[in-house]
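See below for the structure under consideration.
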Amino acid sequence: MAGGAWRFGPWVWLVVVAVRPLGAAPTTLTVPDLRLVVAAQEGDVRQVRLLIAARVEVNTPRPDGTTPLMWAAHRDDLEMANVLLEAGAKVDPTDEQGVGPLALAAENGSLTLVNRLLSAGADARRAQANGVTPLMIAARVGSLPVVKALLAAGADPSAAIPSTGQTALMWATAERHREVVLALLAGGANVRAASAIGFTPLLFAARNGDLDTAAVLVEAGADVNQSGNDGTHALPLAIVSGHQAVAKYLIERGANVNGTMHGVSALHAAAGKVDLWIRDWLRARRASVDARSTAGLPANERVELTKLLLARGAPVNARTAVSTFVGLGISGRNGARDPISTHVGDLKGATPLWVAAYWANGAGPDAAAAVEIMRVLLAAGADHSATTADGTTPLMAAAGLGHGSYQPGADRGARSVSAEAAVAALVEAGADVNAVNEARFTALHGAAFRGLNEVIEYLVQHGASLNAQDFRGRTAFRIAQGAQQGFRVQPWPSTAALIEKLGADTTIGVDGLTDERERARALGPARSRP
Amino acid sequence: MRRAHIIVSSVVALLAVPAFRGIADAAQAAPPATAAPDRTIIDRYCVACHNDRLKTAGLTLESLDIADAQANGPVLEKVVSKIRSGQMPPMGRPRSDLATTRAFAAALEDRLDRAHAPNPGRIVAHRLNRVEYVNAVRDLLALEIDPALLPTDAAGINFDNNAEGLTITPALMSRYMTAAGKIGRLALGDPEQKTASTVYRASDFARQTARLGDDLPFGTHGGLAVRHAFPLDGQYAFKVRLQRNTIGDTIRGIDDEHEVQVRVDHVLVERFTVGGQYKGFDPGLVNGAPDDDLEGKRLHTYRLTADDALQVRIPVKAGTRLVTVSFSDSAPAVTENVPLMPSSAKRSFFTDDAGDPGIERITIEGPYQALVTEDTPSRRHIFVCRPGPRQTAEPCARRILRTLARRAYRRPVTEEDLAELLQLYRTGYRHGGFEAGIGLALEAILWSPAFLMRMERDPIGAAPGSSHRVSDLELAARLSFFLWKSVPDEQLLTVAEARRLHEPGVLKAQVRRMLDDRKGRRWMVDFVNQWLTIRNVRSQEPDPDLFPEFDDSLRDAMARETELLFESQVREDRSIFDLLRADYTFVNARLAEHYRIPGVYGSHFRRVTVTDPRRVGLLGHASVQTASSYAHRTSVVLRGKWILDTLVGAPPPPPPANVPPLRENERGASATSLRSRMEQHRQNAVCANCHAAMDPLGFAFENFDATGRWRDTDSGAAIDTKSTMVDGSTVDGPAGIREYLLNRSDQYGRTVIRKLLEYAVGRELEYYDAPVVRQIERRIAADGQRWSTLVMAVIESDPFLRRRAGEGGEPRAER
């Protein structure tokens, strides 16, 4: 019985199992003997040998289809693999997902095991149920010897995964394995393949800023102007990803400076961060809705690239092509009238000047660079009156529309020297200080929302109408008293005092804070924030 | 039968074991006589403070006879310990050079060793700790129980098997009785079992984009794997719930179609398809879709409830089975995105319909339409016989209960034991038949003090304070609770009952067998987690804004790396010093990403060579660096203290009350490095006394941030890792500390020995254990300081093999 027998170790088990005790009822169903596959999973070579010697079936899989040989491959255990193969293990079994020993050996980048399996007849072309091949896995892992071995054994370098359209070459490029890229190209991989969403191998290299690999791909015939299936062009992609060297290389090799990415041109991308305009592009690639791209190009590179693009004929007044709203996809129905919209609506149709003006309203080297870019663009003929679809002009964006502020307890907004310079540049170029957008906001309202006293003074000096009212009837003074921005209400007492001093009519409308509170009350207690 | 055992064991002993030296050899390895300790050292460097008038720290050495180790043992052991670790003389006071100090310490130790009256110490009666209880139930009844049946053990005293901490309170006893009832019913299969519902949650902050482990099928990612005890044959319902977004409670990643697999013991139970309908903007997310927007309402409802369909009901046979849920790799892809700012898993649950989905939990409900089955592993363990049709059941019951009780109580079962159990059996039999009777008696076994308590008896006639060998059965228990964290198995019990276990050859053979056994892994994992405080990593929560990449997968991988390194060191029988200088480690994809080692894919751990000299050995592990940091920054003091505690054996005293917090870097002001902010430790003499020992150790590791990643600057300031140790030597960086520790083998080596001895024996070490530690040190020095020699030396030491008799008043026993 079990109580005493297992003192003696595995041998007795074999006896007990193989020889049925007298009187036991005969079983009608055969239970598969999983001891070998369990021993293989645990890496117990000694036990595996014992079981094979006892004639246990060497190909018996676990209920999910994994075989002992697969475990040997997964553990990179050559000794066990040899033992199993010599005992007759099938070399190409697959589990219920179609994964087999060769794929597992490729994931480890194990040349010894891959060679052993290939020499035993493993099929280098066999794909899993989802279309992944061992070559793709080896390409992703970056194991050059394994990739070469698989190619030599007939693996198809251009095989693609049906659902995503991605290939081994794309995987190698994405993971920056340059030597593997070379080997795949030498093996005949299709350098112009495109994925289902839209990337080509070159687009991966552009995204990575991997100049060496990009050059390899272009030399092998990649077309610098081949867009992905969704029209993403390599040049704006490289710029958005923050890689100046690759962008310059692409230009040198004839990239079309008109190329766009989700309706955003290279010049837009150089002028400033374009996250707002590529939000749906990001979401289509599973980025979460609050994802932000990295800082991108440093300030001086932005300026340099802008000049370069203009010199190559990039259209200075290109307009973005896709609707987009500030407000994380929550607002949109009411455009600039929506309380959490930060007072702008659909920003489709922004020009590079608009983008630069937007970022000029800030602090630090990026905002300063934005001002310089604006000057360059204006000198090249940028149209200061070109608005976004909601009617917002670059001047309004530079003054503060589209940006939210929340600094509880602060007297006024943090000063933005770049915003002042940007506003001045636009006004000197002839921008209309009294233009209104779809919600009747003016540049002065924008500066009041941001508490930018210096910008307010400048605008007023240059003819801004001090008492202009927005769609709710608020003047700049009321806004400075207190206005909702995004989800919160922000008062700027010092700004309000300045506007009053400049001569605003302080009797128009209702006190800003009172107004907001009344609105909140009108909407009901549970929904004090609309 | 018995002779066969003896023959088999002897044959095994002869064949299986390399030649070990016995206890007698260890005694012969004592050092040759040295000169008397030099009194002038004490007079010159110590008596200035430790004199009769000042009595600094309550100690005077002025008129102490340092050659009289017999009378002054405790004080002299303390003196030796302090001067070896360099804590005394304090920093800034004159001290002798290293060679002189060592010679003086050696001379003192020689005296102490010679005068040493063997005192094996005494372990008080104590209960099993939780780990031991769970393992014992598993080994006795082939049953996995949920550790949450019992409260966690107090973490106060060094190791959680310390006898002083393992007391029984009435509240705890009542938990044991409840647990015994549940376990009994689970083991036998209770026909009255009501339908129950168990929920297993996946961690919210583990990435579910890769395959999580070998329990899950290839070609899948994410999800969870649990071992669930199905109490009876019957129908069970499995319900899967997907992870939600923070805003609006909608399902993550529901925009795309996904396939979820549920498996029991690797058999596919069901493939579910979920997601991918009604794409687009969700009007109901924040505001609520207007009543006339039927399309929007349908979309929003789908986003909230799409996983209601993820349930299935199937028949399952009783037993502990592996249940897994995971996503099929339907569309494996490299991401085609622009580079994104890293965002912590704790932050990015905002609203993520387009992101990657996750399994939140699986609920297992049942049994419905249950049947008690004849055949589960637990029932096979229990029912070693069945009452025949015409015989009375009681002889079989006796046999069953005797078998169970013998293993549970770790000794032969007496008639009194059986009488108690049979009484309960008869009560149960009257009410419910044979199995009910067995069940009641089994419960009694599980809450019996003979099972729960580890009690050792002094021999009849032993003089109080005398030393005696523990009995073979007590030794078997000590061995199995040390190496297997559980009760002895059949072979060990049989050898002990035959009173053979204490024989050196037999003992070595059994130890070898126990280490080779699969269960021999348990002490390694348990010891390394406690000794190196690695288990603190599992509760560490680095600030998600400062360390956005930190998640649960990384946390688990870090801890596992250190466990695997330690295991490999022991299994490969390396020198204990190799732990510090191992040029290899174990990584999986997640950990390799953290260390920036390229080319490692997959969740399984594989051995890699470490070429970076800054990462060599244990001190290069992220686990060690993370366990000794705060959530928002590194801590020089914690790291220094960690090294002093775990590797040097010179723990600093606790800080005084009212120490003000460290000045943090303020926003806007120019950032300063941690080091410069800690200058006050050096400037204030009271602080310097202890911090002179801790801070230099911590500074050396400042290049590792609070999650163990390498960095070259701290808040923009360059990092300076050069420091001066308390004994005047200088070190620079992790490699410097490593060299420092390796050159002070007496400190590190003795600390390892002390920690292992403390762990094996289950009590804190006292001054009279110091000679034992030194004896072990000499013994392992002759054999390359290998782990196998150390383990054997600990087992063959007096504290393990022997016991000091108490003052009387406790029950005594025959040997």
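Just so you know, all these numbers are worked out from the coordinates, no wet-lab data involved. All of these numbers come straight from a predicted model, not from anything done at the bench. Positions of Cβ are generated from backbone atoms using ideal geometry, with glycine treated the same way; all protein chains shown enter the neighbour counts.
Below, the figures for the structure above:
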quantity	calculated
Alpha-carbon centroids, the stretch B:546-571 and the stretch B:31-98: separation in whole Å	42
Relative contact order computed over chain B (Cα-Cα under 8 Å; 6+ residues apart), in percent	16
Pairwise FRET efficiency - B:Met453 versus B:Leu54, Cβ, R0 = 60 Å, nearest 0.05	0.80
The protein assembly as shown - mean residue ellipticity at 222 nm from DSSP helices (-39,500 (n - 2.57) per run, n ≥ 4, rounded to 500)	-12000 deg cm²/dmol
Inter-centroid distance (Cα atoms) of the stretch A:107-126 relative to the stretch A:245-297, Å	41
Contact order relative to length of the stretch A:72-218, as percent, for alpha carbon pairs under 8 angstrom and 6 or more apart	17
Partner chain coverage, peptide A:286-298 - average Cβ within 10 angstrom	6
Neighbourhood net charge (13 Å Cβ-Cβ; Lys/Arg +1, Asp/Glu -1) for A:Ala72	-2
Translational diffusion of the stretch B:684-742, µm² s⁻¹ [Kirkwood Rh, Cα pairs; Stokes-Einstein; 20 °C; 1.002 mPa s]	177
Proximal charge balance of B:Leu59 [Cβ under 14 Å; K/R count +1, D/E count -1]	+1
Whole-angstrom gap from the stretch A:307-357 to the stretch B:206-238, using each part's C-alpha centre	47
Percent RCO, i.e. relative contact order, over the stretch B:39-115, from Cα pairs under 8 Å lying at least 6 residues apart	30
D (Stokes-Einstein, µm²/s), Kirkwood Cα radius, chain A, 0.692 mPa s at 37 °C	119
Cα-Cα separations in the stretch A:93-190 greater than 21 Å, expressed as whole percent	21
Convex hull volume per residue for chain B, taking Cα atoms only, in Å³	211
Mean projected area (nm²) of the alpha-carbon convex hull when the stretch B:196-371 is viewed from all directions	11.4
Environment charge at B:Arg711 (Cβ cut-off 11 Å; Lys +1, Arg +1, Asp -1, Glu -1)	-3
Sorted peptide list for B:85-91, A:165-171, B:599-605, B:309-315, criterion being average Cβ within 10 angstrom, highest first	A:165-171, B:85-91, B:599-605, B:309-315
In the stretch B:723-815, GluC sites (Glu not before Pro) in a DSSP loop with at most 15 other beta-carbon atoms within 10 Å	B:Glu764, B:Glu766, B:Glu807, B:Glu814
Greater than 20 Å apart at Cα, pairs in B:Lys55/B:Lys78; B:Lys194/B:Lys317; B:Lys55/B:Lys641; A:Lys348/B:Lys279; B:Lys78/B:Lys722; B:Lys485/B:Lys519	B:Lys55/B:Lys641; A:Lys348/B:Lys279; B:Lys78/B:Lys722
Rounded FRET efficiency, nearest 0.05, which uses the C-beta distance separating A:Tyr406 from B:Arg607 and R0 of 41 Å	0.20
Chain lengthening between B:Lys317 and B:Thr335 when straightened (0.36 nm per residue, less Cα-Cα)	2.2 nm
Loop-resident sites, the stretch B:185-287, for trypsin sites (Lys or Arg not before Pro), counting at most 13 other Cβ within 10 Å (DSSP)	B:Lys194, B:Lys279
Order of A:Phe199, A:Phe204 under a 10 Å beta carbon neighbour criterion, fewest first	A:Phe204, A:Phe199
Two-decimal log10 I(q)/I(0) for the protein assembly as shown, as the Debye equation yields it once each C-alpha is a single scatterer, q = 0.06, 0.07 Å⁻¹	-0.71, -0.94
